[in-house]
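**Q** The structure under discussion is supplied below as structure tokens; questions concerning it will follow.
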Amino acid sequence: MTPKTLYDKLVDSHTVYRFDEQGTQRLLYIDRTVVNEYTSPQAFTLLREKSLPVWRPANTPGTIDHVNPSQADRPVFPVGHDACVQVKYLIKNGEDFSFDVYNNGDPDQGIEHVVMCEQGRVLPGMFIGAGDSHTATYGALGAIGYGIGTSDIYHYLATSTLRYKKLKNMRVEITGKVTSDVTAKDIIMYVIRKLGADGCAGHCVEFGGPVVRDLSVEGRMTLCNMAVECAARSSVIAPDQKVFEYLKGRKFAPEGDLWEKAVQYWKTLQSDEGALFDKEVSIDVTGIEPMVTWGTSPDQCVGISESVPELEEITGPKQKDLSRAMEYMGLMAGTPMKGIPITHAFIGSCTNSRIEDLRAAAAVLKGRHIAEGVTAMVVPGSSRVRKQAEEEGLDKIFKEAGWDWRQSGCSLCLAMNGDILKAEDRCISATNRNFEGRQGVGTRTHLASPAMVALASVNGCISDIRE
């Protein structure tokens, strides 16, 4: 038989029908989805108009994460009218269509991509489509996740299938050795810088190599989450013993004999020897530094000891983009990254809000305090992450350091819930996107790892965690 990539295996195993001989256009069975209050309302309205049920309600959890407030004493429902309507409509949809919805106050509430993984709703070998591009996070568990639009959400809810255009295969081998101060966030930012913002367009990326194998499962989630920022529609990592240990005992994971059978199957989920990829890249990360963005796209990043690039170093149409980014960020070519003053620091989002991330930041903050003039807040990725952090005493470390300890949600990742910054505020952020206006109109965002964010809050400027 012809050797297959892991991606091809999963596409084939979920194919219901091929619309063409090449198999480019297919009808796929989709195992699960997750819906939120922001991207799903129109889909449920269409179901109501067509008098259709949700085909498999148990595989369609809902969580409130985009528009809900994050302050410690937040109300059950947002104060804003539109946000309140969205939240109440998702709750009503859960009641009418018989699926779980996790609202503020529920112990399972949180950012959808954090909740899905921590509950064991994402399992190796699955195909998952959901209304958010960072659904690609699920590749860390050996599943294929991808973002879908409202009409696709409607079609999935009604049929558990979706029309799908097969992607090309891309292999990104990450080799070399990194120091203990270099995190998964730094690695993926470096990869994005090397490949470019469009470097993986039209592909499902399979990450492999010794560096990937050495990462924790949560680190791999960061890797797959940000693969979207170099235009990958999906990303995947072959599941291994670390993944099996991460999933065992979780609420929706198999149990008993079924667990043993599942693990035996999951062990087969890897690309065959000799499988052909449409594109293969090997990236040596030996010696890379902690990374930080200087511009308005995740690929506009440098090592902490570097400076904002000189325009003369860039040729072609990208020079105009870089010039615009510098103007928006209020920076000049040649400005050293280390020492750029900040006004805000934020830890959260589906990229870096898990317990591992909070521990890393707390380790930096212990015994220290944020600099005068800096405002900092941490938003755990789920209510369960928040509870675990409090049991470990991490909340006390953040509070004593002057950080605002908040409830879970998307928060300042995209500034939809009242957590919003002002024009020319400069925020160092453990999120995934630094686009213009992402954290508020005119706000300037620098992406970095949780540890780097924590250190910058103490020093009042972008700093080198190695020092």
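What follows is calculated from the coordinates using simple rules that are stated; it is not laboratory data. Computed from a predicted structure; not experimentally measured. Backbone-built Cβ (ideal geometry, glycine too); neighbour counts: all protein chains shown.
**Q** Please compute the length gained on full extension between Tyr265 and Thr335, using 0.36 nm multiplied by the number of residues separating them and subtracting their Cα-Cα distance.
**A** 20.0 nm
**Q** So how long is each side of segment 291-459 along the principal axes, counting just the alpha-carbon atoms, biggest first, in Å?
**A** The Cα atoms of segment 291-459 stretch 53, 30, 26 Å along their principal axes.
**Q** Using 0.36 nm times the number of residues separating Ser13 and Arg368, minus their current alpha carbon distance, what extension gain do you get?
**A** 122.6 nm
**Q** On a straight-distance basis, which aspartates and glutamates could pair with Lys92 in a cross-link, Cα separation under 20 angstrom, same-chain partners fewer than 8 positions away excluded?
**A** Glu37, Glu49, Asp65, Asp82, Asp100, Asp106, Asp108, Glu112
**Q** Sticking with this structure for a sec: Taking R0 as 22 Å, what FRET efficiency do you get between Glu95 and Thr159 from their Cβ-Cβ distance, rounded to the nearest 0.05?
**A** Efficiency, from the Cβ-Cβ distance: 0.50.
**Q** Still on this model: Highest mean first, what order results for 324-333, 402-411, 151-160 on Cβ atoms within 10 Å?
**A** 402-411, 151-160, 324-333
**Q** Around Ala201, what is the net charge, scoring Lys/Arg as +1 and Asp/Glu as -1 over all other residues with Cβ under 10 Å from its Cβ?
**A** Around Ala201, the surrounding residues sum to +1.
**Q** Which three extents, in angstrom, do the Cα atoms of the chain have along their principal axes, listed largest first?
**A** 57, 53, 44
**Q** Over 22 Å between C-alpha atoms is what I'm after, so list which of Lys88/Lys248; Lys9/Lys168; Lys4/Lys251; Lys177/Lys279 land there.
**A** Lys88/Lys248; Lys4/Lys251; Lys177/Lys279
**Q** Could you point to the residue in Pro57, Ala262, Thr443 farthest towards the positive end of the chain's charge dipole, with +1 and -1 charges on the Cβ of Lys/Arg and Asp/Glu respectively?
**A** Pro57
**Q** Extending each Cα 7 Å along its Cβ direction at Arg250 and Lys177, get the distance between those two points in nm, one decimal.
**A** The two pseudo-label positions are separated by 3.2 nm.
**Q** Determine, from the Cβ-Cβ distance of Thr24 and Leu276 and an R0 of 25 Å, the FRET efficiency 1/(1 + (r/R0)^6), rounded to the nearest 0.05.
**A** 0.95
**Q** Distance from a point 7 Å along Cα→Cβ of Phe435 to each backbone N in segment 289-319: keep the residues under 12 Å and list them by number.
**A** 297-298
**Q** Of Val115, Ile144, Gln25, which is farthest towards the positive pole of the chain's charge dipole, taken about the Cα centre with +1 and -1 on the beta-carbons of Lys, Arg and Asp, Glu respectively?
**A** Value computed over the given set: Gln25.
**Q** Given R₀ = 45 Å, what would the calculated FRET efficiency be for Met1 paired with Thr286, taking r from the Cβ atoms and rounding to 0.05?
**A** 0.75
**Q** Can you pull the semi-axes for segment 168-284, root of five times each eigenvalue of the Cα gyration tensor, sorted largest first, whole Å?
**A** Output for segment 168-284: semi-axes of 26, 17, 13 Å.
**Q** Rounded to whole Å and sorted largest first, list the principal axis extents of the Cα atoms in segment 364-467.
**A** Answer, in whole Å and largest first: 37, 33, 22 Å.
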